[in-house]
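What follows is a single structure, written as structure tokens, with notes after it.
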């Protein structure tokens, strides 16, 4: 589909209104400017890729590097495209910032923790965490599902996988919370100073934890990375710390948003929620599995894929991209492309041919997707089973969204239900 002449100026991006509902703006871009150059709130100029075919191609294009060294931004201004503080904390050498062969080597080392067998073995722990969190508010008849459920569940899960001792996990929860609070549209992780301080604290803790694990290893991911390093895999301490850091950073907020966005979508579509509830009551799981995939497509946790930089001049969607230019693939726009998905603005939990890009595509496809799916399915199914009359408390217009760049998720999700412990 070729672009059509624009009826007027491009819609304004990265406002509060855009953060609440970016999909009309993305529909305009897909139709009139599918590869669109814009200035981000940080001042960085970047290309937004919004059509599915172009997005899928760009995600797999090896001429688009993940390494910010290829950004043509002056050296003194670098850092505006990554996680605040990661450069100073020497946490740059993680999977979101590197290309093959280093990416291949590091991904191979950590992928063992996310095999289907390992994830299946972790399922009882995810269920235990889910029930424990619901127990914490089920007797009140109301809750904030973000703060009390969607946020702590993946934090505690990833801490368990990394090998963070239980007595330290609340510190991780606090540091992660600092990354997500007070996010303005267009910012990827909150006020940069607060995020940078959290990154510094996490880096210091990880250095200490790696030292402790080297002396007393366990059956956890950090111990596994240390063993690989000690057996000739050439994993530096900075690489091990960066790997643990990005698994925490990227592995919790995506799942927070999957659960939060997904439950909100179900509350706004009672007929779909009723279908899912009925299938779960009948002991069936098929609609839950396709339903979570549809929730990932319909209003997924990652609005844009993380940064890419052109290593040479190339063409995407008919637009010439110069070497050094940043490119952001807009997953949220691609997953509503009518050229790929029939009635894309309709939530259909039984949608079958659903090749969404919610977890990316190509060699950078989300490593933790199996765990995120497990957590999302467990959280949603357990909420519907244990709180069948769950409903939104308050006016949807009063809800506020974090997002506008990279991540998309609700700040709060107030709900009410019958007191389960009368």
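Against the list (1) more than 29 Å from residue 129 (Cα to Cα); (2) in contact with a helix residue (DSSP H, G or I) (Cβ under 8 Å, 6 or more places away or on another chain); (3) at pLDDT 95 or above, the condition residue 347 fails is (1). Criterion applied to 100, 34, 24, 9 was being at pLDDT 75 or above and buried (at least 20 other Cβ atoms within 10 Å of the Cβ), and the one residue passing it is 34.
Filtering 146, 158, 134 for residues that are closer than 14 Å to residue 256 by Cβ, part of a helix (DSSP H, G or I) and at pLDDT 95 or above leaves a single hit, 146. Condition check for residue 396 on (1) at pLDDT below 95; (2) over 27 Å from residue 11 (Cβ atoms): one failure, at (2).
Residue under question is residue 296, and the condition is that it be surrounded by fewer than 20 Cβ atoms within 10 Å (Cβ to Cβ) and in contact with a helix residue (DSSP H, G or I) (Cβ under 8 Å, 6 or more places away or on another chain); does it hold? It is false that residue 296 is surrounded by fewer than 20 Cβ atoms within 10 Å (Cβ to Cβ) and in contact with a helix residue (DSSP H, G or I) (Cβ under 8 Å, 6 or more places away or on another chain). Summed over region 1-36, residues that are in contact with a strand residue (DSSP E or B) (Cβ under 9 Å, 6 or more places away or on another chain) and without any contact (Cβ under 8 Å) to a residue 24 or more places away in the chain total 1.
The values are calculated or read from the model by the stated rules, or taken from the named source; none is laboratory data. Computed from a predicted structure; not experimentally measured. Glycine gets a Cβ as well: all are built from the backbone with ideal geometry, and neighbour counts include every protein chain shown.
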